[in-house]
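For reference, the structure discussed in these notes is given below.
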Amino acid sequence: PQAIPLMPVEPIPIPLMPVEPIPIPLLAQLEAELNRRVHIAHPLAAQQTVLSIAAHACARQAISTSNDPCSLYLALCAQSVGNARPYLSLAHDLFTEAGLRETVRQQRISTTSGLHKLLYTQPALLYLSAEYGVVVQRAKYQPAGSLEQALNTLAETYDAANVSIDPREFGIKDVGVDQDILRSPTVNLLALLSQDQMAAVVKSSELGRGALEQLQVVVLDEDRLVMNEPDAIQTGPFDLTLIAMIRRLRR
C-alpha cells in the first residue's frame with residue numbers, strides 16, 4: 001500500500017491572560033511594592049502573596065456573605081522554588097514590621113500536636129511553607145503516619161467552626177479542663193511547589209492528603225518573569241500606610 005505522508009503539526013500558542021492589579025488601591029500598592037523588592041518578579045506571585053496577606057489580616061475578624069472564614073490555601077508553582085521564595089520572606093517581613101511576627105510561622109509542621117500548639121498560641125495563623133511539595137511527597141512513605149495525620153488536620157482546619165485541643169499533648173500541664181475549644185481558628189497557607197513536585201502532588205491518589213482539595217495552585221509561567229536591575233530593587237521598611245492597614249485590620 002502507498003504510504004500517506006503525515007502533515008506536520010504546529011503547536012498553537014496559548015495567549016497569556018492579562019494580570020490586572022487587585023482593584024483595591026492599598027492592595028494594588030502592596031502588590032507593586034512586592035515586585036520592586038525581588039530580583040526576579042512575577043505579577044501572579046505578587047498577587048497571590050497579597051491575597052494571603054489580606055486574608056490573614058482579616059482572619060477571625062470577618063467572614064464572607066456565605067459565612068466562609070478568611071482562609072486561603074494558595075500555592076505558587078514555579079520551575080524553581082527559589083524563584084518565588086523571596087515573596088514568602090516579604091510577607092513575613094511585612095507582619096514583623098507591623099508588630100505581628102507571632103502570627104506568622106515558617107517552620108515545618110510535621111505532627112498534629114505541632115499544629116495544635118501553634119493554633120493554641122495563635123488561632124489566626126499565616127503558615128508560609130517553602131517545602132510543601134516535599135512534605136506531601138514524603139508523607140505516604142513515613143511509617144508512623146504522623147506527617148500524613150498533620151496534613152489531614154490542616155485540611156480539616158480549613159473551615160472548622162471549632163477545634164478541640166488537649167494542651168497536655170504538647171507539654172502544657174496543670175490545665176483545668178481535659179480539652180480546650182478553639183472557636184473558628186483560621187489558617188492561611190501560602191506554599192511553594194516546583195514543577196516536578198507538582199506532577200506528583202496532584203495525582204488522584206494524593207488529592208485526599210494535605211489540604212490539596214482546598215489548595216489553589218497558580219503556575220508561574222516563565223514568560224511573565226521580569227528581572228529587576230540590582231540598583232532598582234527597593235529596600236528598607238515598607239510604606240507606613242501599608243503597615244497601618246495591616247494593624248488596623250488585625251486590630
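Somewhere in the stretch 55-63, is a residue closer than 16 Å to N188 by Cβ and in a strand (DSSP E or B)?
Yes: one or more hits.
Conditions tested, residue by residue: (1) more than 18 Å from the chain's Cα centre (by Cα); (2) of a type in the set (A, V, I, L, M, F, W, C).
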{"position": "P86", "(1), (2)": "no, no"}
{"position": "H92", "(1), (2)": "no, no"}
{"position": "A98", "(1), (2)": "yes, yes"}
{"position": "V104", "(1), (2)": "no, yes"}
{"position": "L151", "(1), (2)": "no, yes"}
{"position": "T157", "(1), (2)": "no, no"}
{"position": "D180", "(1), (2)": "yes, no"}
{"position": "L193", "(1), (2)": "no, yes"}
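Listed here are the residues, each with its yes/no results for (1) in contact (Cβ under 8 Å) with a residue 40 or more places away in the chain; (2) of a type outside the set (D, E, K, R).
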| residue | (1), (2) |
| --- | --- |
| E20 | no, no |
| I24 | no, yes |
| A28 | no, yes |
| E31 | no, no |
| L34 | yes, yes |
| A41 | yes, yes |
| A45 | yes, yes |
| L51 | no, yes |
| A59 | yes, yes |
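Within the stretch 1-46, can you find the residues that are over 16 Å from Y87 (Cβ atoms), assigned to a loop (DSSP other than H, G, I, E, B) and hydrophobic (A, V, I, L, M, F, W, C)?
Answer for the stretch 1-46, where residues must be over 16 Å from Y87 (Cβ atoms), assigned to a loop (DSSP other than H, G, I, E, B) and hydrophobic (A, V, I, L, M, F, W, C): A3, I4, L6, M7, V9, I12, I14, L16, M17, I24.
Say whether the condition of being among the small types (G, A, S), open to solvent by less than 70 Å² (accessible area, probe 1.4 Å) and at pLDDT below 85 is met by at least one residue in the stretch 171-188.
Yes, there is a match, as at least one residue in the stretch 171-188 is among the small types (G, A, S), open to solvent by less than 70 Å² (accessible area, probe 1.4 Å) and at pLDDT below 85.
Quickly run through the stretch 65-91 and pick out the residues that are farther than 28 Å from D223 by Cβ and either open to solvent by less than 50 Å² (accessible area, probe 1.4 Å) or assigned to a strand (DSSP E or B) (or both).
Hits for the stretch 65-91 are P69, C70, S71.
Among the residues of the stretch 40-60, write down those that are within 21 Å of E222 (Cα to Cα) and more than 10 Å from the chain's Cα centre (by Cα).
I40, A41, H42, P43, L44, A45, A46, Q47, V50
The values are calculated or read from the model by the stated rules, or taken from the named source; none is laboratory data. Every value quoted in this text rests on a predicted model; they were computed, and no experiment measured them. Methodologically, a virtual Cβ is constructed for each residue, glycine included, from the backbone with ideal geometry; neighbour enumeration extends over all protein chains shown. Just the protein is used for accessible areas: all its heavy atoms, side chains included, with ligands, DNA and RNA removed. Shrake-Rupley method; radii C 1.70, N 1.55, O 1.52, S 1.80 Å.
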